[in-house]
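A short write-up of the structure that comes next.
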Amino acid sequence: MKLRGSPLVNAAIYSAGALVCCGLTGYFLDLWRADLRIPLAYGTSDELVIGLSAKWAMENPWMLYNQDLGMPFGSEMFDAPQPYVFPYLIFKLLGLTTRHFGLVVNLFYLFTFPTVLLSALYVFRRLRIGYPAALLGSFLYTFLPYHFMRGESHLYLAAYYLVPWMAQLIFQIGSDEPPFLEQGGKPWPGLAWRRAGTLGTVVICLLAGSSEAYYAFFDCFLLLMVGAATSIALRRPAPLLSALMSTGLIATTAVLCLLPHVLYGQGNPIARMPGDAEIYALKMSQLLLPVSGHRLPYLAALKHNYAQAAPLINENDAATLGLVGAFGFVLLLAWVAFRLMGARVKWLQKEDQRLINVATLATLGCTLLATIGGFGSIFAFLVSPQIRSYNRLSIYIAFFALFAVVLLIDRAIGARLTRQSQTLIYALGVALLMAVGLYDQTTLGFIPDYPTIRATFLSDRQFVRAIEKKVPKGAMILQLPYMTFPEANRYDLAKGYLHSRTLRWSYGAIINGRSDLWQRTLQDQPEPLRRVVEAGFSGIYVDRSLLPNNGANMEEALSATLGEAPLVSPDSRLSFFSLESYKSRLPR
């Protein structure tokens, strides 16, 4: 089969692939039932931090200070490093067209599906994979369980469109002509800045360093590992030097993104424990087992029984590769034994075998770094525990595993076809395999609970609108009970800010910061309610669901002191007390 087509044909195939991807995204998520102004995820977890970040980015010059959060002194992010410059730029760009934080988050998330597909398709094509197999790998990679299970709660992880580009860079590092350098016949390589693709490599490294911090760390690890191994194998310094240059570019970009935190922070980053690297590590069994809630009852029960019996089941449940990806993973492991025994595959060209060698090396590196008790745990204990969720390397393993499958399919079948009828049968077979793979990788459990989300969202919005009518514009609202930010188990109190247009909120004070210390010591002060009023607050927002006895004791005490009943949300989960009348009764 032809690997190269005319620009018009290529554009048509890419456009058709993106359109089909959008249609499948709508199908798997039942998007016709959604109101895109309401987030697809709206519970109590990290999706609220994502919404908060989107609104923060849209309404402020940058992510370092917010005068509407963390009252009474405002929220400063200098002690909570945020290297996500590129995602924040996307938030600001989308915010130019709308002020609905839910719509911005939804658009960001939904755009990740076609962007992942197009990135994977382009890289597969650059690796000389024919269109049928390349489309197979691209669609299966786009609709991995990882993409849905990360969702809007882990939006920056769901935006893994840079992983295929980084995989291509890894393949280039593992070749005779690595980026940035040319060896030629010289003992020491020279710079090759004018080589085609150099500028693209620089851009990819800059984007990697300014996006998801975990992916940037994993990129550097894989580049250095493959570069060192290739240099040793070829006895040339160019691959390792190229890897060092790429890694340096990524690391420098990340440091520049964190520079405000380095210069103005208090040196107290969010503390993490080395043991977390064991808790959130990768389990090989979860790579191979079916997705939780599989469409087939037997496979669903199999995964459920495993989850009930096995320890340390957490976010690593999203590592499932699916049927085709699991086959590719096992294939790469078998390739190690195959090569160690000195066997050769005559129908695979030398370049194809090199690509599989690099994919195998990267997969082994990912597995050894991410597995429980692996090198990631050693790194956490000896160097830094800030990187702890090594299970997230599964998205790299998935790409290399799917690449191995589509490469072998293309070389064993696609490249040998000579008749149009054979090509048609081959394409239909690949389409059937794609359908089976997508059926296997997706479940009805990925569909958001739209009625519940909508009811909760509208209740919260109506409640905040009612508060805005009871207090002056720009008023400060104290939120109870006290909750830390960030790195908490729940972020319920962020909902006040998300729905607010004119108010300032106590939640969002960075832990151990000035506002956080003021809030934590409030109950230890005499006459705490008077202190609240003296600090300038105009009301108290109570989340009953976070308090014992549904907040009844606290509300009784506040009602007795303030002499008024609270305003209650439509779903009876929230209440509010205005301090304006009480403030007027206090002596100046």
Let's see if you can work this out: charge +1 on each Lys and Arg Cβ, -1 on each Asp and Glu Cβ, no other charges. What is the dipole magnitude of the range 75-226 about its Cα centre, in debye to the nearest 20?
480 debye
Give me the distance between the Cα centres of the range 301-332 and the range 207-257, rounded to whole Å.
29 Å
Checking the a/c ratio against 1.5 first, then a/b against b/c, what shape does the Cα gyration tensor give for the range 313-456?
oblate
Peptides 433-441, 211-219: what's the order by average Cβ count within 10 Å, highest mean first?
211-219, 433-441
Summing -39500 (n - 2.57) over every DSSP H run of at least 4 in the chain, dividing by its residue total and rounding to the nearest 500, the 222 nm mean residue ellipticity is -18000 deg cm²/dmol
Just going by the charge dipole of the chain, with Lys and Arg at +1 and Asp and Glu at -1 on Cβ, which of Ser119, Ser538, Pro486 is farthest out on the positive end?
Ser119
Dipole of the chain, positive direction: furthest Cα of Thr367, Phe101, Ser138, with charges on the beta-carbon
Ser138
Checked against the positive end of the charge dipole of the chain (+1 on Cβ of Lys and Arg, -1 on Cβ of Asp and Glu, about the Cα centre), the farthest of Ser559, Leu89, Pro189 is Pro189
Stokes-Einstein translational diffusion, the chain - Kirkwood Rh over all Cα pairs, 1.567 mPa s, 4 °C, in µm²/s
49 µm²/s
Once Lys and Arg are counted +1 and Asp and Glu -1 for all other residues with Cβ under 13 Å from that of Arg99, the total becomes +3
Using a ≥ b ≥ c from the Cα gyration tensor of the range 454-588 (square roots of the eigenvalues), is it rounded, prolate or oblate, where a/c under 1.5 gives rounded and otherwise the larger of a/b and b/c decides, a/b for prolate?
rounded
Packing-based order for 334-346, 82-94, 148-160, using average beta carbon neighbours within 10 Å, highest first
148-160, 82-94, 334-346
Checked the range 196-239 with the C-alpha gyration tensor, a ≥ b ≥ c its square-rooted eigenvalues, rounded below a/c of 1.5, otherwise prolate if a/b is larger than b/c and oblate if not; verdict oblate
Once you place label points 7 Å from the Cα toward the Cβ at Asn60 and Ala251, how far apart are they in nm?
3.0 nm
FRET efficiency estimate (nearest 0.05) - Cβ-Cβ, Val330 to Arg419, R0 30 angstrom
0.35
Averaged per residue, what accessible area in Å² does the chain show with a 1.4 Å probe, protein chains only?
44 Å²
Separation of the range 333-409 and the range 1-52 by C-alpha centroid, Å?
28 Å
Note the full-extension length gain between Ala16 and Lys350 as 0.36 nm times their separation in residues minus their Cα-Cα distance, in nm to one decimal.
116.9 nm
Long-range alpha-carbon pairs in the range 52-108, meaning those over 16 Å apart, account in percent for 40 percent
For the pair Ala565 and Arg465, how long in nm is the line joining their label points, each one 7 Å along Cα→Cβ?
2.3 nm
Could you tell me the relative contact order of the range 26-76? Use alpha-carbon pairs under 8 Å, at least six residues apart, and round to a whole percent.
15 percent
Which distance in nm do the two modelled labels at Ala233 and Arg37 give, with both placed 7 Å along the Cα-to-Cβ direction?
5.6 nm
Which three semi-axes in whole Å describe the equivalent ellipsoid of the range 110-259, each the square root of 5 times a Cα gyration tensor eigenvalue, listed largest first?
28, 19, 12
What is the extension gain from Glu556 to Arg531, computed as 0.36 nm multiplied by their sequence separation minus the C-alpha to C-alpha distance, in nm to one decimal?
7.1 nm
Calculate the all-directions average of the projected area of the range 296-379's alpha-carbon convex hull, and give it in nm².
7.9 nm²
Treating only the Cβ of Lys, Arg, Asp and Glu as charged (+1, +1, -1, -1), what charge dipole size does the chain show about its Cα centre? Round to the nearest 20 debye.
1620 debye
Rel. contact order, % - alpha carbon contacts under 8 angstrom, at least six apart, the range 359-405
47 percent
Using Cα pairs closer than 8 Å and at least 6 residues apart in sequence, work out the relative contact order for the chain, in percent.
19 percent
The size of the Cβ-based charge dipole (Lys, Arg +1; Asp, Glu -1) of the range 188-330 about the Cα centre, to the nearest 20 debye, is 500 debye
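The values are calculated or read from the model by the stated rules, or taken from the named source; none is laboratory data. Just so it is clear, the model here is predicted, and its values are computed rather than measured. Note that each Cβ is placed from the backbone with ideal geometry, even for glycine, and that neighbours are counted across all protein chains shown. Side chains included, ligands, DNA and RNA excluded: accessible areas come from the protein's heavy atoms. Shrake-Rupley method; radii C 1.70, N 1.55, O 1.52, S 1.80 Å.
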